[in-house]
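Contents: one structure, followed by commentary.
The values are calculated or read from the model by the stated rules, or taken from the named source; none is laboratory data. This is a predicted model, so every value here is computed, not measured. All Cβ positions, glycine included, derive from the backbone under ideal geometry; neighbour counts span all protein chains shown.
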Amino acid sequence: MQIFNSPFKSTQSWTSQGAIINYGIGISTETFQQIPLMVSGLSFSYTQQATPVFPLNTDGNGNATKINIKGAPQGQLQLQSIYCPVAKNIDDFLEKASRSCVGEAEQLIVTIRPFGDIKCAAGDNVSSDDVFKLIGVDLVSLGLNIQAGEVTLVNMPLSFTFTLLEKVKR
């Protein structure tokens, strides 16, 4: 006899080990480096403005068609960081993210692999196949907040825009 009439027949446990975030200049992911900040939070959005048009005219049967006029997509990336053990690495990343003159082949690209590496069984090393590639990443805002205590925490929120979003398989 089944108690509470549960539709579930088994239970699985999965581990989620965070995300792997890399950055680089150009398309070749072999030259990408890990983001040099200890990132405590990441969010990105990719939106496209759509304006609906409702024409006054109809076809011969009296049917009207709604038309959506779409604009260029725009991306937003937010990083919350704590610290980095090597200040030079932060300088290098910020220099690449805040350049004023960037050619097409020199765009900053950030790749995000949610869940990182998942290990559920002995010898199991499964990585998420979903990798998000943010192309044309450009720093637009940087903040700094230092909290004193036994361990000093440095929070450096960073805001970026990006031009193109691709979902690729690893």
Answer residue from the stretch 85-126, given it is at pLDDT 75 or above, farther than 25 Å from VAL154 by Cα and part of a loop (DSSP other than H, G, I, E, B) and is nearest to the chain's Cα centre (by Cα) among those: GLN107
ILE21 vs. criteria under 18 Å from LEU108 (Cβ atoms), surrounded by 10 or more Cβ atoms within 10 Å (Cβ to Cβ) and of a type in the set (Val, Ile, Thr): yes
Any chance LEU42 is assigned to a strand (DSSP E or B) and within 18 Å of PHE160 (Cβ to Cβ): yes
The stretch 109-120 residues that are farther than 21 Å from THR161 by Cβ and among the basic types (Lys, Arg), paired with ones that are in a strand (DSSP E or B) and at pLDDT 75 or above (beta carbon under 9 Å, 6 or more apart): ARG113/ILE20; ARG113/ILE21; ARG113/ASN22; ARG113/ASP130; ARG113/VAL131; ARG113/PHE132
Number of positions in the stretch 60-96 that are of a type in the set (Val, Ile, Thr) and surrounded by 10 or more Cβ atoms within 10 Å (Cβ to Cβ): 4
Filtered residues of the stretch 130-166 (kept if of a type in the set (Gly, Ala, Ser) and in contact (Cβ under 8 Å) with a residue 12 or more places away in the chain): GLY136, SER141, GLY143, SER159
Looking only at the stretch 97-115, and only at residues there that are surrounded by 10 or more Cβ atoms within 10 Å (Cβ to Cβ) and small (Gly, Ala, Ser), the one that is farthest from MET38 (Cα to Cα): SER98
